[in-house]
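The values are calculated or read from the model by the stated rules, or taken from the named source; none is laboratory data. What you are looking at is a predicted structure, and each value in this text was computed from that prediction instead of being measured. FYI the Cβ positions are ideal-geometry reconstructions off the backbone, even for glycines, and counts take in every protein chain you see. For accessibility, only protein heavy atoms count, side chains too; no ligands or nucleic acids. Shrake-Rupley method; radii C 1.70, N 1.55, O 1.52, S 1.80 Å.
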Amino acid sequence: MKSQNTHSPFQLFLKKFKKQTMAVVAFWILIGIFLLGLAGPWITPYDPNRPVTEQYEEKGIDKTKELTGSIQISGIMSDGTELPVSELMLQSTNRQISTVSESNGSITITPVGQGSTTVLMAKGDVASQIKLDVSAEDSPPILTQLLLQGPAGMVKKGDIFQLDLEARLSNDVKLIGFEQIRSNLKQVVGANKAVSQENNGFVTAKKKQSEEDGQIHYQSTDEKVVRVTPDGMVTALGQGIGQVKVSIGPVSTIVPIAVETSMQEPVLVQIQPSQTHIALMDNRKHQQPSLLHWFGTDHQNRDIFSRVLAGTRETLFIGFVSVGIGAVIGTLLGLLAGYYGRWIDSIITRLTDILLAFPGILLAIAVIAVLGAGMVNIIFAVAVFTVPIFIRIVRGSALALKQMTYVEAAKSIGVQDFVIIIRHILPGMLPVVMVYLTMRIGTAILLGAALSFLGLGGDITAPEWGAMLSAAKDNSRNFFYPTFFPGIAIVLTVVCFNLFGDGLRDTLDPKLKE
Amino acid sequence: MARYIFGRILGMIPILVIISILSFLFVHLTPGDPIRIMYGAEMDMATYEKVKANLGFHDPLYVQYGRYLQQILSGDFGVSYKTKTNVSDEIGKRFLYTLGLTFAAMFWALIIGLVVGIYSAARRKSIWDRIGIISTTTIISIPEFWFGLMLMQMFAVQLGWFPTSGSGTFAHLLLPSITLGFGVSAIIARFTRSSVLEVLQEDFVRTAKAKGQRESVIIWTHVLRNALIPVITMTGLQFGFLLGGAVVVEQVFSWPGLGSYLIDSVLARDYPAMQALILLFSVQFLIVNLLVDISYSLVNPQIRYE
């Protein structure tokens, strides 16, 4: 290896290494990753261990508007005029998802938890509802409003007529006519039912009612004036102003019917919100990636970008320490086996073969099964997995170096074994050990992350890439970013280590093969 | 040949003994009292001693080991602490799932790996070769559980083409097997490439070229036959690794195989299950390695074992 050129061996190495473009690029990226790891805790935009909502105030960010929803409400009267309404009865079907409050003709919705729910607004006999999603997946549309089209003018006694019913869904679909509504009702109300059943422990009492929800329910407020059949046929019976109320589940509306008398002042027939569907961000977890949070926030609303940065240090630490321990132990045992040979060699080689025959992950899991879960034990498990590879490499080089003339010369003049190993053999195998050290760090990071992911790392709140993946895996079906970004960080780091290791190998020892 | 196989099998016996001792000592090595784990921590001393005596924990270790050996040789791996079911039944139920997943993964790995490997070797130093090398390095660096999660997110959640987890149909098998096979395909591709490159330097290839045969003919008739022998060995070894290494992927896709059983039992400190699985994986490994070695010497008569 070491040629007798005028250059020092290190400069020779540098000259060769510079030709490996990929490895050089990987090397500089790795330097960048190291610096990030070192600087990590100071350059994170947010504290990686606390929810961002707690930190908005100290950073001077006002997020209230994006987190709470506001909807304008107007009332529609029977003569078609639109008036502002007040003193609404407001109710959020699931208070664990959101709360509502009213002020000056608009309602304010504040999310509490996650999921889909409905907000019911009622005044007298008229009720509408809106659909509310908080950081939830798409849920089926719900029925939001009903409208009855009554006869325009006066009605005579004895007249029988049908009222035109119109229903509006949260996805702005209009269903017109009794039959159309009824055929669509099953799915629409079924969705409602699912929502109300998620509603924790209080459903039992409501259950019966929710089964009736599927019905279109007609009712006359004054039986002397008008009578109505269950399918909406109205019969005018006596003089006066009657009202027919129709309801499906909690949503209802009325229509005034004037029989042989003139219509008096209009009544409220519909409560119309400016939006029938509102989607909000949960202020406690899982914000989408945005300019404010580049990688989004996780299930505890911690900034993922900050956590990935802060995790660099710990992830690299696991990789380095475990490979370091494994390399030291492996090199020692390999030297023993290679230099002394005989029975030491055969025992160590046999054990190495057994360990090498096992897939790394199984070996590591077995170690963790003995030691128990925990970050320190993961480091140890990865080290155990690294040892046999180093034993094998070091033993091979020791066997070769032992036969070198300079080693034999040293032996013949009575130099101690210890000195020979330290001064003559160890330096000779350093290049090979260095190559494998770099290549193994990538593998160690992968293995450590896999163990963390399996839940064997103990603490999953730590900002460490594997632990972040483990913590995010339960929600990975709904949100991609809590798993995507830590994973990309792992891939980038490991690719760089592998490319760098490849380049190092090609420079130092082109004969080596993985 | 027969002598070689016989020798190999004899050579496995000491390893098997070591593994059985390790898996037996497992219960004694791990922190925590197995009896308390099995029957709950609240237990008065008298019952505790009785249970301990019943289980034979008072006997000297070698007596206990003898009993353990007798049990496992008759196929009895004890009763799970956690589910109170027979461990051997549970393993029997799950083994086929892991095997099926492994075969499917190997199928993808071979298809992708061989095509990419042969192509990059045949077009050496072309842009495609470069891309092949870089992408195999990248693929090896991708954590398979993360890749699985991303596949699941894309094809199962966003597009809804496949179920996210579970087992039973071909659709269930597709995503986990692709996840598992993807990483292996990169290893096989690299290996195939270097193996084909090596054979391309042989004399008989030069002769064929001198005769003026077309390159594709040379690759298909002369090179592949020789280059694939080490690839077959490699594939066998990878198959062995996959059988045990499916742990993570099985966990991601809730695949009811041996790997997820292992993780469940480690997390629940279910000693009998852990013991049985570690033993099983080791034996499985030894057998796969043996088969690989035998097949290697069968395919390539030039290889002679001492």
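Within 11 Å of chain B (Cβ to nearest Cβ), within 17 Å of the chain's Cα centre (by Cα) and open to solvent by 50 Å² or more (accessible area, probe 1.4 Å), is that true of A:I460?
So A:I460 does not fit the description; no.
Right, A:L362: in contact with a Phe, Trp or Tyr (Cβ under 6 Å, 6 or more places away or on another chain), open to solvent by less than 60 Å² (accessible area, probe 1.4 Å) and within 14 Å of chain B (Cβ to nearest Cβ) or not?
Taking the combined requirement at face value, the residue satisfies it.
Which ones in the range B:69-82 are touching a residue at least 24 places away in the same chain (Cβ under 8 Å) and either assigned to a helix (DSSP H, G or I) or aromatic (F, W, Y) (or both)?
Taking the range B:69-82 and keeping what is touching a residue at least 24 places away in the same chain (Cβ under 8 Å), we get B:69, B:72, B:77-82.
Within the range B:69-82, B:L69, B:I72, B:F77, B:Y81 qualify.
For the range B:29-52, indicate whether the set of residues that are open to solvent by 40 Å² or more (accessible area, probe 1.4 Å), within 14 Å of chain A (Cβ to nearest Cβ), not basic (K, R) and not in a loop (DSSP other than H, G, I, E, B) is non-empty.
yes
In contact (Cβ under 8 Å) with a residue 40 or more places away in the chain and within 11 Å of chain A (Cβ to nearest Cβ): is that true of B:G240 in this structure? Steps first, answer last, please.
Values: in contact (Cβ under 8 Å) with a residue 40 or more places away in the chain: yes; within 11 Å of chain A (Cβ to nearest Cβ): yes.
So B:G240 fits the description; yes.
Please enumerate the residues belonging to the range A:441-456 that are crowded, with 24+ Cβ neighbours inside 10 Å and either under 13 Å from A:V376 (Cβ atoms) or at the interface with another protein chain (Cβ under 7 Å from one of its Cβ atoms) (or both).
Result: A:G442, A:L446, A:G448, A:A449, A:A450, A:L451, A:S452, A:F453, A:L454, A:L456.
Condition first: in contact (Cβ under 8 Å) with a residue 12 or more places away in the chain and open to solvent by 20 Å² or more (accessible area, probe 1.4 Å). Now tell me which residues in the range B:116-137 satisfy that.
Of everything in the range B:116-137, those that are in contact (Cβ under 8 Å) with a residue 12 or more places away in the chain and open to solvent by 20 Å² or more (accessible area, probe 1.4 Å) turn out to be B:V116, B:I118, B:Y119, B:A122, B:R124, B:I133, B:S135.
Any residue that is closer than 25 Å to A:I107 by Cα and either assigned to a loop (DSSP other than H, G, I, E, B) or under 48 Å from the mean Cα position of the chain (by Cα) (or both) - is there at least one of those in the range A:260-267?
The answer is yes; a qualifying residue exists.
Taking B:G92 as the residue in question, decide whether it is in contact with a helix residue (DSSP H, G or I) (Cβ under 7 Å, 6 or more places away or on another chain) and either in the same structural domain as B:I187 (by the TED database) or closer than 19 Å to B:Q238 by Cβ (or both).
It is false that B:G92 is in contact with a helix residue (DSSP H, G or I) (Cβ under 7 Å, 6 or more places away or on another chain) and either in the same structural domain as B:I187 (by the TED database) or closer than 19 Å to B:Q238 by Cβ (or both).
I'd like to verify a number: residues in the range B:134-164 that are more than 9 Å from chain A (Cβ to nearest Cβ) and in contact with a helix residue (DSSP H, G or I) (Cβ under 8 Å, 6 or more places away or on another chain), how many?
Count: 9.
Checking B:Y119 against (1) aromatic (F, W, Y); (2) within 14 Å of chain A (Cβ to nearest Cβ); (3) more than 30 Å from B:F77 (Cβ to Cβ), which single condition isn't satisfied?
So the condition that B:Y119 fails would be (2).
Considering A:D474, A:D459, which residue is part of a helix (DSSP H, G or I) and more than 24 Å from A:G32 (Cα to Cα)? Don't jump to the end; show me each part of the working.
Numbers: A:D459 fails: part of a helix (DSSP H, G or I).
Just a single option satisfies the conditions, and that option is A:D474.
When you look at B:G66, is it touching a residue at least 60 places away in the same chain (Cβ under 8 Å) and out of contact with any Pro (no Cβ under 8 Å at 6 or more places or on another chain), yes or no?
Considered against the rule, which asks whether it is touching a residue at least 60 places away in the same chain (Cβ under 8 Å) and out of contact with any Pro (no Cβ under 8 Å at 6 or more places or on another chain), B:G66 comes out as no.
Can you pull out the residues in the range A:140-169 that are part of a loop (DSSP other than H, G, I, E, B) and open to solvent by 10 Å² or more (accessible area, probe 1.4 Å)?
Answer for the range A:140-169, where residues must be part of a loop (DSSP other than H, G, I, E, B) and open to solvent by 10 Å² or more (accessible area, probe 1.4 Å): A:P140, A:P141, A:G150, A:P151, A:A152, A:G153, A:M154, A:K156, A:K157, A:G158, A:D159.
Go through the range B:247-270 and count every residue that is surrounded by fewer than 21 Cβ atoms within 10 Å (Cβ to Cβ) and in a helix (DSSP H, G or I).
Selection size over the range B:247-270: 3.
List the pairs whose first member sits in the range A:370-390 and is under 15 Å from A:G455 (Cβ atoms) and open to solvent by 20 Å² or more (accessible area, probe 1.4 Å), whose second member is of a type in the set (D, E) and at pLDDT 85 or above, and whose Cβ atoms are under 9 Å apart, counting only residues at least 6 apart or on separate chains?
Qualifying pairs under 9 Å: A:M375/A:E314.
Go through the range B:243-258 and count every residue that is more than 9 Å from every other protein chain (Cβ to nearest Cβ) and over 17 Å from B:F77 (Cα atoms).
Start the filter on the range B:243-258 by keeping residues that are more than 9 Å from every other protein chain (Cβ to nearest Cβ), which leaves B:246, B:249-250, B:253-258.
With the extra rule that they be over 17 Å from B:F77 (Cα atoms), the set shrinks to B:246, B:249-250, B:253-257.
Here the count works out to 8.
Report the residue count in the range B:73-87 for those that are in contact with a helix residue (DSSP H, G or I) (Cβ under 7 Å, 6 or more places away or on another chain), of a type outside the set (D, E) and under 17 Å from B:S20 (Cα atoms).
Looking only at that region, the number is 4.
Give me the pairs, please: first residue somewhere in the range B:249-277 and farther than 14 Å from B:I91 by Cβ, second residue anywhere and surrounded by fewer than 22 Cβ atoms within 10 Å (Cβ to Cβ), beta-carbon distance under 6 Å, and either six or more positions apart or on two chains.
From the range B:249-277, the pairs are B:Q251/B:I263; B:F253/B:S165; B:S254/B:S165; B:W255/B:S167; B:A268/B:K82; B:R269/B:I37; B:Y271/B:V27; B:Y271/B:P34.
So, in the range A:467-514, exactly how many residues are within 18 Å of B:M150 (Cα to Cα), more than 8 Å from every other protein chain (Cβ to nearest Cβ), open to solvent by 20 Å² or more (accessible area, probe 1.4 Å) and modelled with pLDDT of 80 or more?
Of the residues in the range A:467-514, 3 are within 18 Å of B:M150 (Cα to Cα), more than 8 Å from every other protein chain (Cβ to nearest Cβ), open to solvent by 20 Å² or more (accessible area, probe 1.4 Å) and modelled with pLDDT of 80 or more.
Looking at A:Q287, A:Q272 in this structure, which one is away from every other protein chain (no Cβ under 14 Å), of a type in the set (S, T, N, Q) and either part of a helix (DSSP H, G or I) or open to solvent by less than 40 Å² (accessible area, probe 1.4 Å) (or both)?
Checking each option against the conditions leaves just A:Q287.
Using the structure shown, decide if B:I278 is among the hydrophobic types (A, V, I, L, M, F, W, C) and at the interface with another protein chain (Cβ under 10 Å from one of its Cβ atoms).
Judged against the criteria, B:I278 is a match.
Checking A:A337 against (1) of a type in the set (A, V, I, L, M); (2) open to solvent by less than 10 Å² (accessible area, probe 1.4 Å); (3) without any contact (Cβ under 8 Å) to a residue 12 or more places away in the chain; (4) within 30 Å of A:L401 (Cα to Cα): exactly one of these is not met. Which one?
(3)
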